[in-house]
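I have placed the structure first, in the form of structure tokens, so that the comments after it can refer back to it.
The values are calculated or read from the model by the stated rules, or taken from the named source; none is laboratory data. As the structure is a prediction and not an experimental result, all values here were calculated from the model. Note that we place each Cβ from the backbone using ideal geometry, even for glycine, and neighbour counts take in every protein chain shown.
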Amino acid sequence: MNRTLDHTIVGFLCNWCSYAGADHAGGSQKSYPHNFKIIRVMCSGRVEPEFILEAFRKGAAGVVIMACHPGDCHYKTGNYQAAGRYHLLQKMISQLGIDENRLVMEYISASEGERFIEVVNQTVHTLEGIPPPPLS
């Protein structure tokens, strides 16, 4: 298998809050690790389990889902759907031999650029201490 994403952490960021938070961080000249790759989605509720599993299959070191805070979803319940999938996926990836700490979900608002940086840095730091996921 071609493990094209080694050491890459894939971040699925909702357009309305988390992506705006990342943009806020960028506008403030805050940097984050180069191996954190952002995929912008309209809503965290649109992050399908297949997307997460494909990222791991292609060799991602970790996956982060960033959603609006509870009660603040632009689409009302998307962040709750994402949270439900997140908990199921943690169990699933564990069964596949992938440490469940490699999948992270955090709530980031548009004004939380600093929090975005903290979450990315903490995730990178956490993943450095975990043995690499198994090869598919």
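Conditions first: (1) surrounded by 18 or more Cβ atoms within 10 Å (Cβ to Cβ); (2) within 15 Å of the chain's Cα centre (by Cα); (3) not in a loop (DSSP other than H, G, I, E, B); (4) not aromatic (F, W, Y). A60 passes all but one, so which condition is the exception? It fails just one condition, (3).
Flag: E54 matches the condition of being at pLDDT 95 or above, more than 22 Å from Y32 (Cβ to Cβ), out of contact with any strand residue (DSSP E or B) (no Cβ under 6 Å at 6 or more places or on another chain) and part of a helix (DSSP H, G or I). Do you know which residues across the range 9-31 are more than 16 Å from N79 (Cβ to Cβ) and within 14 Å of the chain's Cα centre (by Cα)? Scanning the range 9-31 gives I9, V10, A22. Within the range 43-53, identify whether any single residue is surrounded by 13 or more Cβ atoms within 10 Å (Cβ to Cβ) and under 21 Å from H125 (Cα atoms), and answer yes or no. Within the range 43-53 (the criterion being surrounded by 13 or more Cβ atoms within 10 Å (Cβ to Cβ) and under 21 Å from H125 (Cα atoms)), the answer is yes, since at least one residue qualifies. As a summary of the residue check, L96 satisfies the conditions (1) more than 24 Å from W16 (Cα to Cα); (2) in contact with a strand residue (DSSP E or B) (Cβ under 9 Å, 6 or more places away or on another chain); (3) not hydroxyl-bearing (S, T, Y) except for the one numbered (2). Screening the candidates A60, A110, A83, A67 for the property of being in contact (Cβ under 8 Å) with a residue 40 or more places away in the chain and out of contact with any helix residue (DSSP H, G or I) (no Cβ under 6 Å at 6 or more places or on another chain) yields one hit, A60. Per the conditions (1) of a type in the set (A, V, I, L, M, F, W, C); (2) out of contact with any strand residue (DSSP E or B) (no Cβ under 6 Å at 6 or more places or on another chain); (3) touching a residue at least 40 places away in the same chain (Cβ under 8 Å), the sole criterion not satisfied by M42 is (3).
The set of residues from the range 72-116 being of a type in the set (F, W, Y), in a helix (DSSP H, G or I) and crowded, with 17+ Cβ neighbours inside 10 Å comprises Y86, F116.
Please work out if H74 is farther than 12 Å from Y107 by Cα, without any contact (Cβ under 8 Å) to a residue 12 or more places away in the chain and either among the β-branched types (V, I, T) or out of contact with any helix residue (DSSP H, G or I) (no Cβ under 7 Å at 6 or more places or on another chain) (or both). Taking the combined requirement at face value, the residue does not satisfy it. Test V119 against the criterion of being part of a helix (DSSP H, G or I), modelled with pLDDT of 95 or more and under 19 Å from Y86 (Cα atoms), and give yes or no. Spelling it out, V119 is indeed part of a helix (DSSP H, G or I), modelled with pLDDT of 95 or more and under 19 Å from Y86 (Cα atoms).
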